[in-house]
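The next block holds one structure in the form of structure tokens; read it before the comments.
Bear in mind these aren't lab numbers, they're just calculated from the coordinates by the rules spelled out. Note that this is a predicted model, so its numbers are computed, not measured. Virtual Cβ from ideal backbone geometry, glycine too; neighbours counted across all protein chains shown.
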Amino acid sequence: MQFDKVIKGGAIVTASDTTVADIGIIGEVISTIGLDLPDEGAQVIEAKGRYVFPGCVDVHTHLDMPFGGTFSSDNYETGTAAAAWGGTTTLIDFAIQSRGKHLQEGLDAWHQKSQGNAFIDYSFHMIISDLPESRVEEMDRLVDQGVASFKLFMAYPGVFMVDDATMFRALLRTRENGGLICVHAENGGVIDVLVKQALAQGHTAPKYHALTRPMSAEAEATRRAIFLAELAGVPIYIVHLSAGDALDAVAQARERGIPVFAETCPQYLFLSYDDYERPGFEGAKFVMSPPLRPKGNEERLWRGLNSNNLQVVSTDHCPFCFDKPQGKRLGEGDFSQIPNGAPGVETRLHLLYDGGVNQGRFSVNRMVDLLATTPARLFGLYPQKGTIAPGSDADLVIFDPEKKHRISHKTTHMNVDYSPYEGREVTGAVESVLLRGRVILEKGTFAGRAGDGKFIKRSTSEPSSLL
Ligand code: URP
Ligand code: ZN
Ligand code: ZN
């Protein structure tokens with residue numbers, strides 16, 4: 001057998017096994033996994049003493065997203081290049097339906113933003129902003145085009161928030177078209193009252209963002225979303241779950257056999273409410289929704305990752321600069337005007353390896369499951385993405401488990417002027433990355449090209465089989 005590339009002697013990690021072997025690549029796919037594969041005429045990539053992970057899959061990003069009168073600061077070029085530096089080779093970004101417009105218009109706009117610009121492979125979910133009965137069948141046409149999941153917001157009244165009837169209509173339709181509904185679960189109405197009260201009392205500092213979005217507002221919405229899905233008889237996926245009380249709702253439903261799935265994000269595992277108490281306006285760096293929770297909550301989430309009540313860690317990458325116009329400072333003097341979101345597309349693997357595997361919280365296989373395999377399965381990308389197997393795309397990460405480095409916005413590649421993890425030391429570093437057989441990062445030298453990333457048409461998945 002003649003291979004184009006052979007990755008030699010790495011410890012190949014899948015969600016189930018770790019095996020020291022060679023990987024033979026032909027063209028864009030993995031051809032063979034075996035011992036002492038022939039390498040004459042092939043490009044040899046030495047991986048002895050390294051892990052080889054499947055390229056990570058990030059199912060929650062917002063690139064070039066219009067939000068709060070501005071745009072997230074990473075576009076398809078900068079955001080996907082940064083993702084590659086961090087070992088992510090596929091992401092699913094959120095396209096947006098503008099109110100009163102067709103879903104297709106939103107999808108076309110996101111194809112336009114991304115086409116020819118991405119450094120890694122990508123796909124879309126569609127944010128549904130309104131869905132009268134007359135528009136429901138538009139969902140089917142998106143599923144046909146490989147956009148097999150939809151996000152609905154229970155928060156942000158007047159912007160993205162939909163009512164229960166809209167959510168129920170969308171859920172019901174996925175019974176027909178096999179799509180998956182993803183929900184931002186916070187009670188937007190309650191939060192709106194609390195925000196107005198806080199501002200009326202002169203509470204304008206960033207920490208009031210968190211104080212007006214209590215855990216119970218997330219737990220209530222999570223329970224309601226689950227009940228609506230149960231009523232419709234379809235699976236549901238809760239995005240960026242932050243609160244231990246919301247996780248309890250997910251766990252109880254799963255215990256009853258309801259196909260509920262949920263992701264959390266590194267920010268909820270590594271940061272806390274205390275970050276809002278930083279001096280001056282610093283707390284704005286951490287303004288995101290749901291907000292960071294009090295210390296101790298993160299342990300409940302780590303337990304959820306272990307018990308499989310949380311199945312995915314995504315990033316919710318939605319960066320806004322701190323000190324540049326049109327960034328976080330839009331909310332100086334009024335916390336409710338701070339653009340919501342934080343950077344993270346590049347730092348997820350490093351944080352989870354260090355905080356999860358190195359700290360003995362879970363195995364390296366479980367980490368691969370959370371960052372690559374289950375996200376790919378749930379969102380119709382598997383086995384093309386999310387694993388290392390013959391026939392899968394040769395999206396691979398060679399990872400040095402010993403290398404120490406410090407996270408800083410000065411050394412990461414996201415288009416943002418701060419890191420929420422500034423100065424944090426981690427052990428374990430991405431060394432090389434392959435995208436469909438092409439080396440796009442090799443020991444610190446970036447060889448990615450804008451336009452190499454292609455749109456991946458996703459199939460519908462069967463989440464219930466993963467319960
Ligand atoms: O604060 C956040 N999470 N910003 C991005 C939009 C969203 O709700 O996911
Ligand atoms: Zn959200
Ligand atoms: Zn988000």
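Side notes on the structure shown:
- Scanning the chain for trypsin sites (Lys or Arg not before Pro) lying in DSSP loops with no more than 14 further Cβ atoms inside 10 Å, the longest uninterrupted stretch between such sites is 102-255.
- Charge dipole (the range 324-467, unit charges on Cβ, about Cα centre) - positive-most of Ile440, Val430, Gly355: Ile440
- Length released on extending from Arg278 to Lys48, taking residue separation times 0.36 nm less the Cα-Cα span: 78.5 nm
- Rounded to the nearest whole Hz, the Karplus-based 3J(HN,Hα) values (6.51 cos²θ - 1.76 cosθ + 1.60, θ = phi - 60°) of the range 292-302 follow the sequence 5, 10, x, 3, x, 4, 4, 5, 5, 6, 4, with x at glycine and proline.
- Cα→Cβ-extended label distance, 7 Å offset, between Thr19 and Arg303, nm: 3.6
- Likely footprinting exposure, Met215, Met367, fewest C-beta neighbours within 10 Å first: Met215, Met367
- Share antiparallel - DSSP beta bridges, the chain, percent rounded to 5: 50
- Point-charge dipole on Cβ atoms (K/R +1, D/E -1) for the chain, about Cα centre, debye to 20: 400
- In the chain, the longest principal axis of the Cα atoms and the axis of helix 76-85 are about 50 degrees apart.
- With 0.36 nm allotted per residue and the present C-alpha distance subtracted, the Glu105-Glu176 stretch has 23.3 nm of extension available.
- The chain, relative contact order in percent, only Cα pairs under 8 angstrom and at least six apart counted: 22
- Think of it as helices only: each DSSP H run of n ≥ 4 in the chain is worth -39500 (n - 2.57), and spread over all residues that comes to -7500 deg cm²/dmol at 222 nm.
- The Asp323 and Lys403 beta-carbon pair, evaluated with R₀ = 30 Å, returns a calculated FRET efficiency of approximately 0.50.
- Among the GluC sites (Glu not before Pro) in the range 135-241, those placed in a DSSP loop whose Cβ has at most 12 other Cβ atoms within 10 Å are Glu137.
- Positive-end residue, the chain charge dipole about Cα centroid, Cβ charges, pick of Ile120, Ala165, Ile338: Ile338
- Summarising the amide proton neighbourhood of Ile238: residues at separation of 5 or more, or on other chains, whose placed amide H is nearer than 5 Å comprise Val183, Phe261, Ala262, Glu263.
- Taking a ≥ b ≥ c as the square roots of the eigenvalues of the alpha-carbon gyration tensor, the range 55-382 is classed rounded because a/c is under 1.5.
- Residue by residue, the range 452-467 carries 3J(HN,Hα) couplings of 6, x, 10, 5, 9, 7, 8, 8, 6, 10, 10, x, 4, 6, 9, 4 Hz when phi is fed to the Karplus relation 6.51 cos²θ - 1.76 cosθ + 1.60 (θ = phi - 60°); x denotes Gly or Pro.
- About its Cα centre, the range 132-187 has a charge dipole of approximately 100 debye under the convention of +1 per Lys or Arg Cβ and -1 per Asp or Glu Cβ, with nothing else charged.
- Whole-Å distance, taken between Cα centres, linking the range 350-397 and the range 150-209: 30
- Look at the alpha carbon pairs under 8 Å that are at least 6 residues apart: their mean separation over the length of the range 1-115 gives a relative contact order of 21 percent.
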